[in-house]
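Student: This is the structure I have questions about; it appears just below.
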Number of protein chains: 2
Amino acid sequence: MIAVLCGGVGAARMLTGLQAVVDPGEIVGVVNTGDDTELHGLYISPDLDTITYTLAGVVNPATGWGLEGESFRAMQALERFGAVTWFRLGDADLATHLYRTGRLRQGATLSEVTQEISRAWGLGVRLLPMSDDPVRTRLRLADSQEVAFQEYFVKLRHSVVVESVRFEGAETARPAPGVLEALESAEIVVVAPSNPVVSIGPILAVAGVTKCLTARRDSVVAVSPIVAGAALKGPADRLLVELGGDASAPGVARFLSAFVGTLVIDQADEDVAAEVEAAGVNCVVAPTVMRTHEIAADLARTVLAACGTVTGPPRAAPGAPGS
Amino acid sequence: MIAVLCGGVGAARMLTGLQAVVDPGEIVGVVNTGDDTELHGLYISPDLDTITYTLAGVVNPATGWGLEGESFRAMQALERFGAVTWFRLGDADLATHLYRTGRLRQGATLSEVTQEISRAWGLGVRLLPMSDDPVRTRLRLADSQEVAFQEYFVKLRHSVVVESVRFEGAETARPAPGVLEALESAEIVVVAPSNPVVSIGPILAVAGVTKCLTARRDSVVAVSPIVAGAALKGPADRLLVELGGDASAPGVARFLSAFVGTLVIDQADEDVAAEVEAAGVNCVVAPTVMRTHEIAADLARTVLAACGTVTGPPRAAPGAPGS
């Protein structure tokens with residue numbers, strides 16, 4: 001069994017690749033819920049939805065999130081009331097939030113609803129929210145104002161300086177049923193190429209997760225979300241720098257080194273592979289930009305093959321040009 | 001100032017007529033919230049919305065409720081989850097429920113949200129929910145099962161036998177701010193042609209309302225929702241019979257006689273006018289089927305003129321054929 005720590009778009013593509021090369025029933029995604037938010041009374045789980053829609057093959061390919069062919073009549077009508085409309089909820093997407101919210105109000109747990117939604121979309125991969133308890137990522141900006149994740153990410157388009165990040169509720173949040181079991185019993189734990197600070201960070205903050213990964217560090221493989229010094233998507237590069245790290249593959253290695261034995265970095269970063277190794281993290285070089293299903297599947301093979309090798313020189317991945 | 005006790009469609013048309021002949025700012029609608037329901041985590045106020053959409057001129061003319069030109073993409077998408085979809089929520093209509101629910105969760109009262117929604121639609125009439133506290137109409141069916149109003153009305157299409165009706169929460173619900181003041185200070189209180197049992201009944205069940213109306217019975221004018229022995233819309237006829245009354249204009253008179261001084265009945269019922277008077281209720285005969293704005297306005301004039309006359313023989317209304 002393979003366990004995958006997941007943020008949104010990058011993780012969704014990683015899972016697509018993994019399920020192309022491994023029986024989907026053998027894959028468990030442990031998904032960040034620090035981005036979850038309540039809006040217009042609805043409970044919204046952006047990362048869970050992005051992954052679900054991607055695995056179901058209905059994601060909007062232009063954005064990597066939301067549904068393909070979506071309409072926005074409800075949002076348009078909300079403008080009349082002067083309500084928050086910077087968080088765009090499509091009409092069909094609303095059904096997911098309505099169903100989840102209705103079930104939560106009936107007393108179901110987020111895990112239970114996630115399973116129901118996964119089943120409705122016919123997913124093979126098993127998705128677990130990191131916790132059924134609320135954890136909310138909050139960011140302190142340079143002006144000392146603290147904002148919720150979606151306000152930072154969507155409303156402010158993450159183009160503001162962040163001074164610090166905290167995961168409200170993480171200190172008391174219990175891992176959702178099955179999370180620690182999956183992270184303990186998996187042959188490999190994959191850290192998807194998601195934002196290490198605000199997508200992987202909240203999962204690590206849930207009680208027991210970091211300890212579990214640290215204990216099995218040699219079989220934990222991460223894929224760097226930073227390629228050639230920049231995040232493929234979102235503010236991972238900025239955040240790494242703003243929080244005192246480096247926006248580079250070695251920066252990611254140093255950020256994760258306590259519990260990640262191997263880091264897969266992009267070919268574009270081959271020249272800094274030694275610097276990754278210097279952080280005490282085994283380094284594998286491979287194409288990591290999952291522009292196509294084929295690249296995602298190749299990356300999945302690389303990730304699975306990388307496991308077990310915790311020291312040694314940088315290696316070219318199987319299937320990578322030049323190998 | 002004119003106060004109007006309101007259910008949904010019939011009341012919405014009555015208000016349309018009244019605002020055509022009286023300054024809308026002089027009209028206060030006290031609206032039934034016994035039909036309100038929570039669905040998919042959303043707070044839904046069907047009667048308030050029907051009235052709002054009608055007064056804003058955007059109601060679906062085919063149904064008398066919901067928005068014209070509506071789409072149902074969210075509902076369609078909800079079917080995937082096996083969620084309740086017999087209560088059809090249009091995509092644009094969802095915005096109203098999202099806004100209301102969001103504001104209620106922020107701590108606003110239903111009165112406050114109603115005012116905000118009214119303002120957003122530019123309504124002249126002032127709408128007050130009967131109460132900011134929850135009152136839920138529940139119906140015991142012949143098989144002793146008790147169902148919520150919307151389940152009876154929408155899911156079961158009110159084609160089941162009702163043994164009794166109760167208004168859960170009414171015993172402790174306080175009238176919303178302004179309700180008793182409006183009912184006390186209005187020159188006339190109009191009881192709209194709404195279902196006397198399940199639309200007007202919940203309003204009467206709120207503390208102080210019946211007492212207030214009884215004390216000023218002579219200036220309370222109702223319009224019969226029963227024409228020629230049948231309800232124009234919905235199950236008012238069935239309910240009156242099932243609860244031991246009569247599905248007739250005199251049946252309505254007897255049902256309301258404790259606090260209604262005058263009943264306006266349709267021309268089709270002219271032959272039972274004496275029976276209405278026999279119930280101790282002054283009777284006015286006029287066209288009451290508001291098929292057009294003109295008929296609604298004429299009916300409004302009749303209602304306003306009827307006030308003050310509490311005894312005497314049946315009179316033809318001004319503007320009515322034959323008058």
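Student: I'd like the residue in region B:38-59 that is of a type in the set (S, T, N, Q) and within 14 Å of chain A (Cβ to nearest Cβ) and, out of all such residues, is farthest from residue A:100 (Cα to Cα).
Tutor: Selected residue: B:52.
Table: residues versus (1) closer than 27 Å to residue A:178 by Cβ; (2) within 12 Å of chain B (Cβ to nearest Cβ).
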position	(1), (2)
A:64	yes, no
A:68	no, no
A:77	no, yes
A:90	no, yes
A:95	yes, yes
A:106	yes, yes
A:110	yes, no
A:117	yes, yes
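Student: Does region B:270-292 hold any residues that are touching a helix residue (DSSP H, G or I) at 6+ places or on another chain (Cβ under 8 Å) and either β-branched (Val, Ile, Thr) or modelled with pLDDT under 95 (or both), and which are they?
Tutor: Across region B:270-292, the qualifying residues are B:272, B:276, B:281, B:284, B:285, B:288, B:289.
Student: Still on this structure, I have one more. Looking at (1) closer than 25 Å to residue B:91 by Cβ; (2) modelled with pLDDT of 95 or more, which one does residue A:13 not meet, given that it meets all the others?
Tutor: (1)
Student: Output the residue which, of all residues in region B:119-131 that are closer than 18 Å to residue B:20 by Cα and surrounded by fewer than 19 Cβ atoms within 10 Å (Cβ to Cβ), is nearest to the other protein chains (Cβ to nearest Cβ).
Tutor: The residue in question is B:121.
Student: Further question on the same structure: Determine if region B:47-59 includes at least one residue that is touching a Lys or Arg at 6+ places or on another chain (Cβ under 6 Å) and either aliphatic (A, V, I, L, M) or not in a strand (DSSP E or B) (or both).
Tutor: no
Here is a yes/no grid of residues against (1) over 23 Å from the mean Cα position of the chain (by Cα); (2) in a loop (DSSP other than H, G, I, E, B):
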site	(1), (2)
A:63	no, yes
A:71	yes, yes
A:75	yes, no
A:79	yes, no
A:83	yes, yes
A:86	no, yes
A:94	no, no
A:97	no, no
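Student: Moving on. If I ask for residues that are outside any strand (DSSP E or B) and within 17 Å of the chain's Cα centre (by Cα), which ones from region B:135-151 would you list?
Tutor: B:135, B:149, B:150
Student: Among the residues of region B:152-165 satisfying the criterion of being buried (at least 16 other Cβ atoms within 10 Å of the Cβ) and not aliphatic (A, V, I, L, M), which is nearest to the chain's Cα centre (by Cα)?
Tutor: Among those that are buried (at least 16 other Cβ atoms within 10 Å of the Cβ) and not aliphatic (A, V, I, L, M), it is B:153.
Student: If the requirement is being at pLDDT 95 or above and outside any helix (DSSP H, G or I), which of these qualifies: A:102, A:29?
Tutor: Matching residue, one of A:102, A:29: A:29.
Student: Looking at region A:102-111, which of its residues are surrounded by 17 or more Cβ atoms within 10 Å (Cβ to Cβ) and within 22 Å of the chain's Cα centre (by Cα)?
Tutor: Matches in region A:102-111: A:110, A:111.
Student: Now for a separate question. Against the conditions (1) buried (at least 18 other Cβ atoms within 10 Å of the Cβ); (2) touching a Gly at 6+ places or on another chain (Cβ under 6 Å), where does residue A:60 fall short? Just the number, please.
Tutor: Condition not satisfied by residue A:60: (1).
Student: So in region A:79-88, with the set limited to residues that are free of Cβ contacts under 8 Å to residues at least 12 places away in the same chain and facing chain B (nearest Cβ under 7 Å), which one is surrounded by the fewest Cβ atoms within 10 Å (Cβ to Cβ)?
Tutor: Step one: list which residues in region A:79-88 are free of Cβ contacts under 8 Å to residues at least 12 places away in the same chain, which gives A:79-82, A:85.
Pick out the ones that are also facing chain B (nearest Cβ under 7 Å) and you get A:80-81.
Values: A:80: 16, A:81: 22.
Among those that are free of Cβ contacts under 8 Å to residues at least 12 places away in the same chain and facing chain B (nearest Cβ under 7 Å), it is A:80.
Student: Scan region A:164-190 residue by residue and report those that are of a type in the set (D, E, K, R), within 17 Å of residue A:202 (Cα to Cα) and outside any loop (DSSP other than H, G, I, E, B).
Tutor: Within region A:164-190, A:166, A:168 qualify.
Student: Further question on the same structure: Please give the number of the condition residue A:300 fails out of (1) under 16 Å from the mean Cα position of the chain (by Cα); (2) under 22 Å from residue A:170 (Cα atoms); (3) in a helix (DSSP H, G or I).
Tutor: Going through (1) under 16 Å from the mean Cα position of the chain (by Cα); (2) under 22 Å from residue A:170 (Cα atoms); (3) in a helix (DSSP H, G or I) one by one, residue A:300 breaks only (2).
Student: Within region B:6-13, can one find any residue that is of a type in the set (D, E, K, R), more than 18 Å from residue B:133 (Cα to Cα) and surrounded by fewer than 17 Cβ atoms within 10 Å (Cβ to Cβ)?
Tutor: Within region B:6-13 (the criterion being of a type in the set (D, E, K, R), more than 18 Å from residue B:133 (Cα to Cα) and surrounded by fewer than 17 Cβ atoms within 10 Å (Cβ to Cβ)), the answer is no, since none of the residues qualifies.
Student: Whether any residue in region B:218-230 is buried (at least 23 other Cβ atoms within 10 Å of the Cβ), out of contact with any Pro (no Cβ under 9 Å at 6 or more places or on another chain), modelled with pLDDT of 95 or more and not in a strand (DSSP E or B) is what I want to check.
Tutor: Among the residues of region B:218-230, not one is buried (at least 23 other Cβ atoms within 10 Å of the Cβ), out of contact with any Pro (no Cβ under 9 Å at 6 or more places or on another chain), modelled with pLDDT of 95 or more and not in a strand (DSSP E or B), which makes the answer no.
The values are calculated or read from the model by the stated rules, or taken from the named source; none is laboratory data. Nothing here was measured: the structure is a model prediction, and the numbers come from that model. Because the Cβ atoms are built from the backbone with ideal geometry, glycine has one as well, and the counts that use them run over all protein chains shown.
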